[in-house]
1. Can you confirm whether Ala169 is outside the structural domain of Ala83 (by TED's automatic domain parsing), modelled with pLDDT of 95 or more, more than 16 Å from the ligand (Cβ to nearest atom) and part of a loop (DSSP other than H, G, I, E, B)?
2. In the set Ala60, Ala86, Ala47, which member is under 30 Å from Lys192 (Cβ atoms), modelled with pLDDT of 95 or more and either surrounded by 15 or more Cβ atoms within 10 Å (Cβ to Cβ) or of a type outside the set (S, T, N, Q) (or both)?
3. If we scan region 37-54, do we find a residue that is on the phi > 0 side of the Ramachandran plot and not in a strand (DSSP E or B)?
4. Would you mind telling me which numbered condition in (1) surrounded by fewer than 15 Cβ atoms within 10 Å (Cβ to Cβ); (2) at positive phi; (3) within 16 Å of the chain's Cα centre (by Cα) Gly94 fails?
5. Output the residues belonging to region 201-222 that are part of a loop (DSSP other than H, G, I, E, B) and modelled with pLDDT of 95 or more.
6. If I filter region 90-98 for residues that are of a type in the set (A, V, I, L, M, F, W, C), assigned by TED's automatic domain parsing to the domain that holds Met177 and out of contact with any Phe, Trp or Tyr (no Cβ under 9 Å at 6 or more places or on another chain), do I get at least one hit?
7. Given the structure, is Leu174 surrounded by 14 or more Cβ atoms within 10 Å (Cβ to Cβ), more than 14 Å from the ligand (Cβ to nearest atom) and of a type in the set (A, V, I, L, M, F, W, C)?
8. Is it the case that some residue within region 103-123 is of a type outside the set (S, T, N, Q) and in a strand (DSSP E or B)?
Amino acid sequence: MTKRVVLIGHPVAHSLSGAMQQAAFDHLGIDARYELWDRAPLALAEAISEIRADDDFLGANVTIPHKERVVPHTDRQTEEAHATGAVNTITRDGKRLVGHNTDVAGFKVALDKLVGRQKMPRTAVVLGAGGGSRAVIYGLIREGFQRIVVFNRHLHRAESMVKHFSRSAAHMDLRAMPWHESIIEAELAKTKILINATSIGLGTDETPVPAEILTGDLLVLDLVYGGTRLLRDAEKAGCTTSDGGSMLLHQGAAAFQLWTGEDAPLDVMQAALDEARGKGVVSAEGEPAAPEPAA
Ligand code: NDP
């Protein structure tokens, strides 16, 4: 019987995960199909019940806008899912569903790649306060960062995220600040790492911060996959840069390992991502999908 894994999101069209995960199943001869389920928030509970009731499902991925909302629908959460308050992967344990957050593992790989052989910095500026940002903040706290400033368009969302992390961040300085260019500039002058965890730059040539406030000593990570304007500006300014590609690959590899018990074939998954992008698929997990081309 063919096993099933679903990506639940709204929207989910053009997901890069579909190509990446299906290639991994096929490569290892695992009889499984990766399906895309577009479910609006009101249909989330029913989708989860369907997965729970049928053990043909190995599990699921969960993406925008459900990562936080799905948590109470799982029976148990791993430490990462509990700590972030966000679930991007579900596995089954009999009829019980376990919520994981493999974005945390994906972010760790991306951060290590960005920092390279340099000493791990202790201060960061993070733009955005959604599901992706939660994995970033948790990863930075766990890495021993001592000061993290979060900017978000809607300040209250950043404030409630900071509150969520109050216990795990009790020993350090985690704070939300209003999104004003001058405040971001002042904070960037005091920090070493800038992380874009907003969806600005996704499918558009917009950037969250003007090029003039980027200085060459910054390490810049954009969770958005591909050559964004932020990264182009940062490179011109002499910064060290990385895009969301390694986070996407490694969160997917960790999910694959959880569903199948097999090591993920990273090369095969990377090739599938490259091929899908070559065909013009632009959305990574958590991204709003590109609109359907006109008929
Ligand atoms: P959410 O929808 O949970 O959060 C979106 C974030 O972007 C919010 O902080 C939102 O601010 C901000 N934002 C969106 N549009 C604007 C705008 N026009 N101006 C200012 N801020 C804006 O999404 P996720 O956190 O899940 O994903 C965010 C980004 O991170 C996406 O681009 C996604 O692709 C990427 N990502 C990449 C991953 C990877 O593996 N590479 C993994 C996870 C995410 P507000 O709250 O004010 O609306």
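The values are calculated or read from the model by the stated rules, or taken from the named source; none is laboratory data. Since the model is a prediction, treat every value here as computed from it, not as a measurement. Note that each Cβ is placed from the backbone with ideal geometry, even for glycine, and that neighbours are counted across all protein chains shown.
1. Numbers: outside the structural domain of Ala83 (by TED's automatic domain parsing): yes; modelled with pLDDT of 95 or more: yes; more than 16 Å from the ligand (Cβ to nearest atom): yes; part of a loop (DSSP other than H, G, I, E, B): yes.
Yes: the conditions hold for Ala169.
2. Values: Ala60 fails: under 30 Å from Lys192 (Cβ atoms); Ala47 fails: under 30 Å from Lys192 (Cβ atoms).
So the residue among Ala60, Ala86, Ala47 that is under 30 Å from Lys192 (Cβ atoms), modelled with pLDDT of 95 or more and either surrounded by 15 or more Cβ atoms within 10 Å (Cβ to Cβ) or of a type outside the set (S, T, N, Q) (or both) is Ala86.
3. Start the filter on region 37-54 by keeping residues that are on the phi > 0 side of the Ramachandran plot, which leaves none.
No, region 37-54 contains no residue that is on the phi > 0 side of the Ramachandran plot and not in a strand (DSSP E or B).
4. (3)
5. Initial filter on region 201-222 (part of a loop (DSSP other than H, G, I, E, B)): 201-210, 214-218.
Those that are part of a loop (DSSP other than H, G, I, E, B) and modelled with pLDDT of 95 or more: Glu206, Thr207, Pro208, Val209, Pro210, Leu214, Thr215, Gly216, Asp217, Leu218.
6. The initial filter retains those residues of region 90-98 that are of a type in the set (A, V, I, L, M, F, W, C), namely 90, 97-98.
Among the residues that remain, those that are also assigned by TED's automatic domain parsing to the domain that holds Met177 are: none.
Within region 90-98 (the criterion being of a type in the set (A, V, I, L, M, F, W, C), assigned by TED's automatic domain parsing to the domain that holds Met177 and out of contact with any Phe, Trp or Tyr (no Cβ under 9 Å at 6 or more places or on another chain)), the answer is no, since none of the residues qualifies.
7. On the way: surrounded by 14 or more Cβ atoms within 10 Å (Cβ to Cβ): yes; more than 14 Å from the ligand (Cβ to nearest atom): yes; of a type in the set (A, V, I, L, M, F, W, C): yes.
It is true that Leu174 is surrounded by 14 or more Cβ atoms within 10 Å (Cβ to Cβ), more than 14 Å from the ligand (Cβ to nearest atom) and of a type in the set (A, V, I, L, M, F, W, C).
8. Of all residues in region 103-123, those of a type outside the set (S, T, N, Q) come to 103-117, 119-122.
From the residues that got through so far, the ones that are in a strand (DSSP E or B) too are none.
No: region 103-123 contains no residue that is of a type outside the set (S, T, N, Q) and in a strand (DSSP E or B).
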